[in-house]
Amino acid sequence: MLVIYLLLGFYFVWAMIKGVPFYPSNKKAIDSILKFLPQDKSKKVIELGAGDGRIAFAIARAGYQVTAIEYNSFLSLIMRCMKVIYRIKNVEIKNKNFFSEDLSQYDVYVGYLFPKSMERLDKIIFTQANKGKIVISNTFTLKQHQPKAVDGKIYLYEVE
Ligand SMILES: C[S@@+](CC[C@H](N)C(=O)[O-])C[C@H]1O[C@@H](n2cnc3c(N)ncnc32)[C@H](O)[C@@H]1O
């Protein structure tokens, strides 16, 4: 048992140093995220750091095309298994760092990420070319921008 706790502790410290550890969103947060999605289901959604895919699959079930990006190979494997088991076709799973993805092709950015990653994303997403696109963030805010709406811990931003 001690070994498991030590390994978990090690994983958390490593994940904190490397970036953002896996900490899943709860049901209330997922419901708020779904509420903030645009009416137009042709909009392309990306989940930045999708973890076990619970948000990406909920968004796909709501009828959107979703790309779920996760750099943790184990979590990506879980998502791939779930995609097959639940036969969800409109989720694309990518096992990679989302900073190496061409983010300009998406309309909606969903994430639950630490401020450092949010700041970096802010510079990439909030450009003139991305006017009208939206960002939905769990817990962490974009310091340079005012949210368009807030529901509990979920923040909605629109690029102006
Ligand atoms: C706090 S968890 C949130 C998981 C999921 N989005 C949710 O809300 O349930 C953050 C996830 O982002 C992943 N992550 C952090 N930085 C990333 C990056 N640059 N590229 C890909 N995945 C990343 C972590 O591995 C972790 O699984």
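Bear in mind these aren't lab numbers, they're just calculated from the coordinates by the rules spelled out. Note that the coordinates shown come from a computational prediction; the quantities given were computed from them, not determined experimentally. Ideal geometry is used to build each Cβ from the backbone, glycine not excepted, and the neighbour counts take in all protein chains shown.
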Listed residue (Pro24, Met82, Tyr112) projecting farthest to the positive dipole end of the chain, Cβ model: Met82
For Ala68, enumerate residues with amide H under 5 Å from its amide H, sequence gap 5+ or separate chain, H modeled in the peptide plane. Glu47, Glu92, Ile93, Lys94
Listed pairs Lys94/Lys133; Lys43/Lys148; Lys28/Lys123 exceeding 26 Å between Cα atoms: Lys28/Lys123
In whole Å, what is the distance between the alpha-carbon centres of region 39-93 and region 96-160? 18
Please compute the length gained on full extension between Thr141 and Ser100, using 0.36 nm multiplied by the number of residues separating them and subtracting their Cα-Cα distance. 12.5 nm
Candidate aspartates and glutamates for bridging to Lys41, where Cα separation is under 12 Å - those fewer than 8 sequence places away on the same chain excluded: Asp107
The FRET efficiency for Gln39 and Lys153, from their Cβ-Cβ distance with R0 = 25 Å and rounded to 0.05, is 0.60
For region 74-160, what does the relative contact order come out to in percent, with C-alpha contacts under 8 Å and a separation of six or more? 24
C-alpha long axis of helix 2-18 to longest principal axis of the chain, angle in °: 30
Please report Thr141, Thr127 as a ranked list, fewest other C-beta atoms within 10 angstrom at the top and most at the bottom. Thr127, Thr141
I need the trypsin sites (Lys or Arg not before Pro) found in region 85-152, filtered to DSSP loop residues with at most 15 other beta carbons within 10 Å of theirs. Arg87, Lys89, Lys96, Lys131, Lys143, Lys148
